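Read-outs: derived from the displayed coordinates by stated rules, not from any lab. Values in this document were obtained by computation on a predicted structure and should not be read as measured data. A quick note on method: Cβ atoms are made from the backbone with ideal geometry, for glycine too, and the neighbour counts reach across all protein chains shown.
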Amino acid sequence: MNYQQTIDYLYSQLPVFTRVGASAYKANLDNTIELCRRLDNPQNKFKSIHIGGTNGKGSTSHMLAAILQTAGYKTGLYTSPHLKDFRERIRVNGQMISEQTVIDFVARHQKDFEDIQPSFFEMTVALAFDVFGKERVDIAVVEVGLGGRLDSTNIITPLLSIITNIGWDHMNILGDTLQLIAGEKAGIIKPNIPVIIGEKQDEVADIFISKAKQVGTVPYFASEEWDVKSKVKSQKSKGFDELLELEIISLKSQISNLKSNLFLDLTGSYQLKNIKTVLSAVNELRAQGFVITDEHIKTALRQVKTLTGLHGRWEVLSKQPLTICDTGHNPDGIQEVLKNIAAVQYNQLHFVIGMVNDKDSSKVLAMLPKDAVYYFCRPDIPRGLEAQSLKLKAEGFGLAGEAYTSVKKALSAAQKNANKNDLVFVGGSTFVVAEVV
């Protein structure tokens, strides 16, 4: 099989969560353990950092990978889902793995897939670990796919575990309270492995403290270690900035202050939270012997997108009319998106939105501004919610607009209707953003 045939085979033979939802989720680690056993347990052949959480784990993963690369470490990066190309999920020093690597792995292990019947995600995790082992990476940054306790990535024993935050997402799988969701995310906390929690949230902090104590480690809350302020004053007039200038203040005397401000090429305001997590992680890695200077941090953060290929985080698609997309899709993610929109000066907001059909969209729709013009669309995956259905549901929340047969047609209509000083925003689902970046 060539590359496209190989990818088509994987999509047709293995259950894919992004396409079909909960039916593809395997609530145990058995398949991953068996698949990796047949690969001679590659997960034991490299050092790693494990990153979970509801929002921000992708940005945090990419920032850390950029810093480690810049510091001279051969760095693996595993994230999900991909936006354009399956190979985005697995990178070494920012470079996607080759098409031939995917072809060879699938050809070599097709019988194993037929025996074990893994999910698409389980297969991908095994491929990533196989690549990182064979490439002899110095360290791999591994992002949790969904939850934590039963996520396929949870077979690693990392140097450091990170949980960014807890919010409402995947409640049909992880539980319908923040405490239940936090319990699943806390499943990546391991005996004697340091753990950093990005945000100290009163509702769930005790769950992490209790889990850490139970396994003999101590959680560090990044939000209590750093104060980060944005020094950008011009965002209101420009609507976007090439770099976000950050003033970093240490709240703990034992943590060295960075001697000058940082500049970050990920410009969403929610990065103010993520950068705290990244800085706490860097200090823990330094304590474990990694040589990472302040200059490495500064150099890396100015070019995270270039170094790692990250897209879809408050990303400017066009300046005339100003068109911005963001992958935030659950209530907490949308809240951050709305903060960013509020910081832009515009006359009329044109909102291109699509969602998936297996999530409760009510919380998100209730948050959206009623004075925007909406362009409802369906992301091109089996889980995509029909545009007309979304339109009817949105009308119940006072949101008005038209339904379109595709994401691109919706975006085209929004940009055509937008005047010079209007803002076009594209989001509601990662899979909508994937069609426009």
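Points to keep in mind about this one:
- Annotation: extensible slack from SER318 through ASN417 equals 34.2 nm (criterion: 0.36 nm per residue apart, minus Cα-Cα distance).
- Rg [Å, one decimal], Dmax [Å, integer] - region 1-152, C-alpha atoms: 14.5, 42
- In this entry, region 246-389 is assigned a mean projected area of 11.7 nm², taken as a quarter of its C-alpha convex hull surface.
- Contour excess over end-to-end distance, with Cα ends at SER406 and LEU251 and 0.36 nm allotted per residue: 51.0 nm
- For GLN415, neighbours were defined as the other residues whose beta-carbon sits under 13 Å from its Cβ, and their charges (Lys and Arg +1, Asp and Glu -1) total +4.
- Residue list for region 371-391, given a label point 7 angstrom along the Cα-to-Cβ vector of LEU338 and an amide N cut-off under 14 Å: 371-372
- Relative packing of peptides 283-289, 372-378 - highest average C-beta neighbours within 10 Å first: 372-378, 283-289
- Computed packing ranks the peptides 63-73, 2-12 as 63-73, 2-12, most packed first, by mean other Cβ atoms within 10 Å.
- Viscosity 1.002 mPa s, 20 °C: Kirkwood-radius Stokes-Einstein D of the chain over Cα pairs, µm²/s: 96 µm²/s
- Modelled this way, with points 7 Å down the Cα-to-C-beta line, the labels at THR293 and ILE209 are 4.0 nm from one another.
- Total formal charge among the other residues, if their Cβ is under 14 angstrom from that of LEU285, Lys/Arg +1 and Asp/Glu -1: -1
- For the chain, share of DSSP beta bridges that run antiparallel, in % to the nearest 5: 35 percent
- Counting all C-alpha pairs of region 347-437, share separated by more than 19 Å (%): 30 percent
- Summing Lys and Arg as +1 and Asp and Glu as -1 over all other residues whose Cβ lies under 13 Å from the Cβ of LEU159 gives a net charge of +1.
- Packing around the peptides 397-410, 175-188, taken as the average count of other Cβ atoms within 10 Å per residue, puts them in this order, highest first: 175-188, 397-410.
- Rounded Å value of the spacing that divides the Cα centres of region 387-437 and region 184-198: 38 Å
- With R₀ fixed at 22 Å, the C-beta to C-beta distance from GLN100 to ASP8 puts the FRET efficiency at about 0.85.
- Distance from region 327-365 to region 110-182 (C-alpha centre basis), Å: 27 Å
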